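What follows is one structure encoded as structure tokens, with my remarks underneath.
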Amino acid sequence: MFSFGKTKIDSDLKNKLQHQIDDLNPWYQPIEFAAGLKTVPVTKNGDKVSLRDIDRGLRKWKKFIKPSLPFELEGKTILDCGCNAGLFLVQAIKEGASKCYGIEVDDHYHKQTHFVRDAFSEIDNKKYNIEIFQSSFEDFDYDQLGKVDITFFFNTIYHIGRATHADKSLDDILNIQSEMLKRVSKVTEYILFQSNAHRDEGRGKGKDSLHQIIDASGLEIVYENDYNHARGLMTLAKKK
């Protein structure tokens, strides 16, 4: 895990934050706050995830995401679709982003995102300019955001329609995904996807089906980085 820093905090604040972290278990993302405060990520079966895992934390940011960004984040506006607990929103602000938006439909992760933002604001004594929305991707009003410089879909595009449109065919889901991305591309300059470099189970989970969605959305691929990892295909696209 890459530390956000060695900020010192008083014992009362540390105890308060530790109780809140514990109350918000289980965690998916490994997050280190300060003074030894950190989340303990687990699998769906409750097994602890190694802090060296590059699928979830800042190792993922350093290994896959940052090298695939088309620019430095200073002064940029970021949208993370499926932001989980908001780790990458916080990291983007720390790297100079002026504004970050997160969309998370899951109740539990949505609560974690608010806590993570507020905890870092309190620890660092500064406002983290992060706004969080609870919504599915296909139902969200992207126009309300104004201009966004880059939007993230990190292993999330294939979740569209899984719960709300379970009775739909793959062609129907493709249409829902592409129409959503058309609306996203009206407000954002770039869209960065993360998917599986080893196999494709459809719906945008791997290379071929993701390319199909991108093409149907009227987007073009700017470049693609294959890190030969189960979640190591990074694809940057923009409107044609």
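Listed values, structure above:
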| read-out | value |
| --- | --- |
| Computed over the range 100-240: relative contact order in percent, which uses C-alpha pairs under 8 Å that are six or more apart | 20 percent |
| Within a Gaussian network of the chain (alpha carbon springs, distance under 10 Å), most fluctuating of F115, F140, F71 | F71 |
| Gaussian network model of the chain, springs between alpha carbon atoms under 10 Å - residue of E104, E72, E32 with greatest fluctuation | E72 |
| Length released on extending from K8 to H108, taking residue separation times 0.36 nm less the Cα-Cα span | 33.2 nm |
| Rounded to 10°, Cα long-axis angle of helix 207-216 versus longest principal axis of the chain | 70 degrees |
| DSSP-defined antiparallel bridges as percent of all bridges, the chain, nearest 5 | 40 percent |
| Nearest-10 value in Å² for the accessible area of M180, using the 1.4 Å probe | 0 Å² |
| Protein accessible area in the range 151-240, 1.4 Å probe - carbon and sulfur % | 43 percent |
| Between 0 and 90°, nearest 10: helix 170-185 axis offset from the chain longest Cα axis | 60 degrees |
| Fluctuation leader among N125, N225, N196 - the chain, Gaussian network, Cα springs under 10 angstrom | N125 |
| Among beta bridges that DSSP assigns inside the range 1-117, antiparallel share in %, nearest 5 | 25 percent |
| Restricting the range 139-233 to GluC sites (Glu not before Pro) in coil, as DSSP defines it, with at most 14 other Cβ within 10 Å | E201 |
| Residues of the range 91-135 with amide N under 15 Å of the 7 Å Cα→Cβ point at K16 | 115-126 |
| Solvent exposure of the chain as accessible area per residue, Å², 1.4 Å probe | 48 Å² |
| Those aspartates and glutamates that a straight Cα-Cα span of less than 16 Å connects to K60, excepting residues fewer than 8 apart in one chain | E32, D80, E95, D226 |
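The values are calculated or read from the model by the stated rules, or taken from the named source; none is laboratory data. Keep in mind that this is a model prediction, so the values were computed, not measured. As a convention, Cβ positions derive from the backbone with ideal geometry for all residues, glycine included, and neighbour counts pool all protein chains shown. Just so you know, the surface numbers come from the protein's heavy atoms only, side chains and all, with ligands and any DNA or RNA stripped out. Shrake-Rupley method; radii C 1.70, N 1.55, O 1.52, S 1.80 Å.
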